[in-house]
Each structure stands twice: as structure tokens, then as C-alpha cells.
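Below: the structure, in C-alpha cells.
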Amino acid sequence: MNIWRLNVRTSQITECIHSKKFALDSKPRNPEIQKGDILLLQLVASDADKFDKRDSRIEFALYFDHYEDDYDGTISKYYWPNAGKTWHWILHCNRITSPFSFSLEKLNLANNYSGQTNPVRIKPEDVNKVMFYLIGFPSAEENLGYKIHKVLNDPAIDNKEYTLLAAIKNNDRIVESNPDQINWTTVPAHKEIKRNAELPWLLKEFYSFKCQVCGYDFKPTYNIPYSETHHILWLSRGGMDHSNNLIVVCPNHHRIIHEAKPKFDREKLAFVYSNGLNEHFKDGRHLEDPVLLQKVEQWAVEREEQIKKEKN
Ligand SMILES: [Zn+2]
Ligand SMILES: [Zn+2]
């Protein structure tokens, strides 16, 4: 995968965002642009000066799909009628994203990418510094939330709030350029363990929809009872639809339990978090038999084995 920088004028960028297209006079050779390559839309220097974007010349990146030969200029004229010229090659892209905005000349790169030539390939020794700003590209070891956090806390970012707001607004601009576009994702069919539909409701009612951990109750404020249920041992890991494996929680607790993955202390009826916090249940009435809880845990070990066997 290669990264290319493309100079673009303010007057052309809106159409680039809207149609996910870019036009070139000649195809680059050795290498050619390949499907999946990243095209950085860089505001031409004069426009960057004019619009106070010297430090944020790059706000959008396109993902290249294929070329089209615009031999008589029809496509160019259609998409960029006021450009006063036509181009030989149209680059069709299949995706557009907004990185954290940046300017190549501020990154202390090994090479100089200024000048009018289009496109210019980012050399391998500079790729990592550029990738840092492309937030849609978490590496294998890090997730998206972690990557964004890391970039925002880098000394190179001098105004976190401004950077965030700019990225949010650029993302909005992409969405607004094609409001009727719906992005579908295809989930491959997979074997899923069937859940007991009744048990959660029975437990919710048992606790009058209050969170077992903190006691929060939506009812007095919103006049709607609401709570969720959580499997202490996940179904996929052998946990069962058994009342001693199911707890009633508020959405806040449900989320933080999934994120922080605390250990469940059966004896104390508490969640033990990695920072040392012990969160004792406000109400654990249906979990008062530690022997039964122990059994549920033992069954889970056997079930997990079974699940692995049956899945393949
Ligand atoms: Zn709660
Ligand atoms: Zn859950």
C-alpha cells in the first residue's frame, strides 16, 4: 500500500469529497497507484495561506479503487465544469475519511513534498509519520480508541480540543456531502448460542428493574422501568442461562463491566476491578448460595470445551 499526496484547490475539493474522484494529467509509473492506496488531498499552498490552513493543509484522504480514461474530457467537464481544463485520468475512490488535519512540511519528514507535481508518493521512510494522523488505520496491536487517545496526547498536537473539533467537523462535511448514502456492512452467518428469552425478564422484574450493583432506578425520573442483564460468565465461554450466572444492571454498569472486565467475587458478591476497586452489590438476593455459584463456574469449564467441539 502506498500513500500519495495530491494538490487540490479549495474550489475543487468539495467535488472530490462528494464524488470521491480526483483527476490527473498523467498516470504515475513505477509504481502505479494500486487499489487500496491512500490519496491525501492537500490544499495548494496559496489557498492554505488564504484560508489560514498552513498547519492543516491535509484534512481528507481518499482510498483509491480504479482509473478511468477521460480521453475526450467528458468526465472532467461533468464533475469540474469551472476548472477551465480537463484531465486525462479520473481516479475513482471507494472511501473517504478525515484524518486529524496536518501539513506535511510540519512533520520533519526526510523528504520534501512541495511543488506542483501530482501525484507525489510519500517515501517509505516518511510513511509512519504520516500514518500517525490517519486515525482510521489502527495497527494490529491497538484499537481505534487507543490510537486516537495516543495521537491527541502527542506533543505534536498543541490544541487537543481544536484538533478534535476539526476532525469532527470534517467528518460531518463528508456525511453532509452525501446525506442519502447508506453504508452497509455484511456480517457473515455464524453459529450463535440461543439465549433464554424469559429469564432476563424474570430477573428484571424480581429487582423491579433496579441495578443490582448501584441500585439505580430509571422509573422515578423517567416513568419507564429500564435495566439490562449481564452474563457473569459469557455464553460463548461456557456461561449458562442460569439465574446464578445472570445479573440485572443499569446500562452504565453493563458497559463498564464489559470494558473493564472485573473479576466476580462469589463470596463477597462484588466486582473486583484491576485498579483495586471492590464494588459490592447493593442487592444480590438471588446469588446468595456460594456453592451453587461455584457449580455454575465448574459447569462453564466443561461447557466451554463442548462449545469449542460443536463449533467446528
Ligand atoms: Zn448500576
Ligand atoms: Zn453483558
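The values are calculated or read from the model by the stated rules, or taken from the named source; none is laboratory data. Since this is a predicted model, take the numbers as computed values, not measurements. Please note: Cβ atoms are built from the backbone with ideal geometry, for glycine as well, and neighbour counts cover all protein chains shown.
In the range 212-224, of all residues being away from ligand 1 (no atom under 14 Å from the Cβ) and part of a loop (DSSP other than H, G, I, E, B), the one that is farthest from Gly284 (Cα to Cα) corresponds to Asn223. Taking the numbered list (1) within 16 Å of ligand 1 (Cβ to nearest atom); (2) free of Cβ contacts under 8 Å to residues at least 12 places away in the same chain; (3) among the aliphatic types (A, V, I, L, M) in turn, Ala260 passes all entries but (2). Here the helices (runs of 4 or more DSSP H) wholly within the range 113-179 that include at least 3 residues being more than 30 Å from Ser26 (Cβ to Cβ) and at pLDDT 90 or above are 160-177.
Looking across the range 241-260, the residues that are buried (at least 18 other Cβ atoms within 10 Å of the Cβ), more than 9 Å from ligand 2 (Cβ to nearest atom) and either over 18 Å from Trp299 (Cβ atoms) or among the basic types (Lys, Arg) (or both) come down to Val248, Cys250, His253. Return yes when Phe281 is at negative phi and within 15 Å of ligand 2 (Cβ to nearest atom) and no when it is not. It is false that Phe281 is at negative phi and within 15 Å of ligand 2 (Cβ to nearest atom).
Results for (1) assigned by TED's automatic domain parsing to the domain that holds Trp87; (2) in a helix (DSSP H, G or I); (3) hydrophobic (A, V, I, L, M, F, W, C); (4) at pLDDT 95 or above, shown as yes or no for each residue.
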site	(1), (2), (3), (4)
Ile13	yes, yes, yes, no
Asn30	yes, no, no, no
Gln34	yes, no, no, yes
Gln42	yes, no, no, yes
Asp49	yes, yes, no, yes
Ser56	yes, no, no, no
Phe60	yes, no, yes, yes
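Looking only at residues in the range 206-215 that are surrounded by fewer than 18 Cβ atoms within 10 Å (Cβ to Cβ) and modelled with pLDDT of 95 or more, the one that is farthest from ligand 2 (Cβ to nearest atom) is Gly215.
Taking the criterion of being within 16 Å of ligand 1 (Cβ to nearest atom) and closer than 25 Å to Phe218 by Cα, would at least one residue in the range 233-245 satisfy it? So far as the range 233-245 goes, no, none of its residues is within 16 Å of ligand 1 (Cβ to nearest atom) and closer than 25 Å to Phe218 by Cα. Screening Gly238 with (1) within 12 Å of ligand 2 (Cβ to nearest atom); (2) surrounded by 13 or more Cβ atoms within 10 Å (Cβ to Cβ) gives one miss only, at (1).
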